[in-house]
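These notes are about the structure you will find just below.
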Ligand code: SAH
C-alpha cells in the first residue's frame, strides 16, 4: 500500500467513478475513492480511511476542474447526499449509468459483450419527482424548519426548494412553517419525543395538477387547523389536506392511521390513459414522465397481440398490469403488500379493466404453488423486483412455465446480472437491454431487459 498515511495531503487526478458515483484516483498505484470528485478533476485531497487494497480521501480543493463540471443547482447538495451528480453534465451522468449496467452484466453476469440500447434519459433532469417528504425540526433560534436529513444523520438541513421536486413544494412548506410559528405549534423532537409536527408529505399528480399535503404528527389532532387549511387552500389545485398519525418511536415516516382535514383524501393521476387514485400511503412511481417511457418499453418488449396470458410479478398497485391489459387476453399480478393489492384491484375497476386478477403474497411462493396445482399458462412474464432481485425458486418456476418472452424490469443492475445469468443458462437469450433514467442527478438507474426463449 506504499507509504501513504491517514491525514496525508495528496494531489490526485480522478480517472474513473465508482458505482455510487464517487471519484476514483490512484496514488502510487493505490486506489482512492473521493466523494464529490468528478472524472477529469485534478484535486487536492486528504487521506481518511485506508484499507489493504483501497482507501477513502476527502476533497479539499479542486485544482483543475473536470471539463464535465457544471454549476450545481442546489446549494446544499454536498450535505444532503440525495444527489450524487449535481455538479456533472447530464450526458456524462447517462454515460456513467450506461457503463454501470454494462460492467455489471460483464462482471457479475459473465456476458461477454452485452449489446445495449442507448440510454433513455430525461428531457430535463430536474423537477421530476411527484412526491417529497420533508422532516420538520427546530433551529437554534427556536424557529421551525423543514428540509432534509444530512447524509446518514438525523440533523435537518433547512431546504424548502429541492430542485428534484415540484416548485409548489416551497409554497406549501412556507405556509406550514408560518402556521406553526403563528399558532405556536412545536416541531417534533426525536430525542425527547415531544412536539407535534414530524414530516410534511407533498404529492402532485402531473396529469391533473392535483396536490395533496399530508402532515405527519406525533398526536391525534392538529390545534387551530382551520388557519392552516385556509392558508393551504390559497394554493391552486389543493385537492386533499390530511393528517397521518404517528406517535411511535420509529424511522418509518407515515403512521398507520390517516385523517382527512380537507378534500377527498386522494389525488388522481394518469399514466398513458390509465387512471390511478393515490392516497398518502399508496406506492406510486415518483417520476411519472419517465415511468411512461419505461412502461412503453415493457409494452414494446412484451409484443402483445391480444391473445397472450401475461404474469406481472412484483406488481405494486398494478401499474404495469393495467398498462398491458388492454393488449393482452389476461394479466395476472402478484404483490406482497396487501394495501397495494387492494389499490391494484381498485385501480382495475376505476378503469373498468376486467381481464386482470391479482394475487397477494410472495411471488416466490405464490407462483410455484399455483404452478404445482395446475400448470399455469404464461406467454409473457414481467418481473419488477426490489433491489435484491428474484429468488431462484421463482426464476426456476418461470422457466418451467416456459413463456416465450420474459421482460425483466430492474432497479439494481447487479442483481439483474446475476438473475439474467441464471435464466440464460436455462434456455433463454438476452435480446435487448435498455437503461431508462428515472432518477436524474442520483446514482440510481432502471433497466429493462427482453429475454426470449431459445428455439
Ligand atoms: N411494478 C410496480 C412495482 C415495482 S416495485 C410498479 O412499476 O409500480 C417492487 C414491488 O415488489 C413493490 O410493490 C414491493 O412491495 C413488491 N415486493 C417486494 N418483495 C416481494 C415479493 N417477495 N413478492 C412479491 N412482491 C414483492
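Any read-out appearing in this document is the output of simple, stated calculations on the displayed coordinates, not a laboratory observation. Owing to the predicted nature of the structure, the values given are computational and were not obtained by experimental measurement. With ideal geometry, Cβ positions are generated from the backbone for all residues, glycine too; neighbour counts draw on all protein chains shown.
For the pair the stretch 75-131 / the stretch 218-255, the C-alpha centres are spaced 35 Å from each other. Across the chain, the mean sequence separation of Cα contacts (distance under 8 Å, 6 or more residues apart), normalised by length, yields a relative contact order of 12 percent.
Working from Cα pairs under 8 Å separated by at least six residues, relative contact order for the stretch 383-455 is 36 percent.
Work out, in µm²/s and without decimals, the Stokes-Einstein translational diffusion coefficient of the chain at 20 °C, 1.002 mPa s, Rh from Kirkwood over C-alpha pairs. Once the numbers are plugged in, D ends up at 89 µm²/s. Does the stretch 23-147 come out rounded, prolate or oblate, given a ≥ b ≥ c as the square roots of the eigenvalues of its C-alpha gyration tensor, rounded meaning a/c under 1.5 and, failing that, prolate meaning a/b above b/c? The shape class here is oblate.
State, as an integer percentage, the relative contact order of the stretch 67-188 based on alpha-carbon contacts under 8 Å between residues 6 or more apart. That works out to 22 percent.
The order of the peptides 348-357, 172-181, 325-334 by mean Cβ neighbours within 10 Å, most packed first, is 325-334, 172-181, 348-357.
Applying 1/(1 + (r/R0)^6) with R0 = 30 Å to the Cβ-Cβ distance of residue 46 and residue 95 gives a FRET efficiency near 0.55. Here the stretch 1-93 is treated as an ellipsoid with the same Cα gyration tensor; its semi-axes, largest first and in whole Å, are 23, 13, 12.
Given axes a ≥ b ≥ c from the Cα gyration tensor, I'd like to know whether the stretch 202-257 is rounded (a/c under 1.5), prolate (a/b larger than b/c) or oblate. Since a/c reaches 1.5 but b/c is at least a/b, the shape of the stretch 202-257 is classed as oblate. The stretch 159-179 and the stretch 1-25 have Cα centres lying 37 Å from one another.
Between residue 327 and residue 139, the simple label model (points 7 Å from Cα in the Cβ direction) yields a spacing of 5.1 nm.
Here the stretch 394-455 and the stretch 286-312 have alpha carbon centers that stand 14 Å from each other.
Between residue 230 and residue 63, the distance separating the two model label sites (each 7 Å from Cα on the Cα→Cβ line) works out to 6.3 nm.
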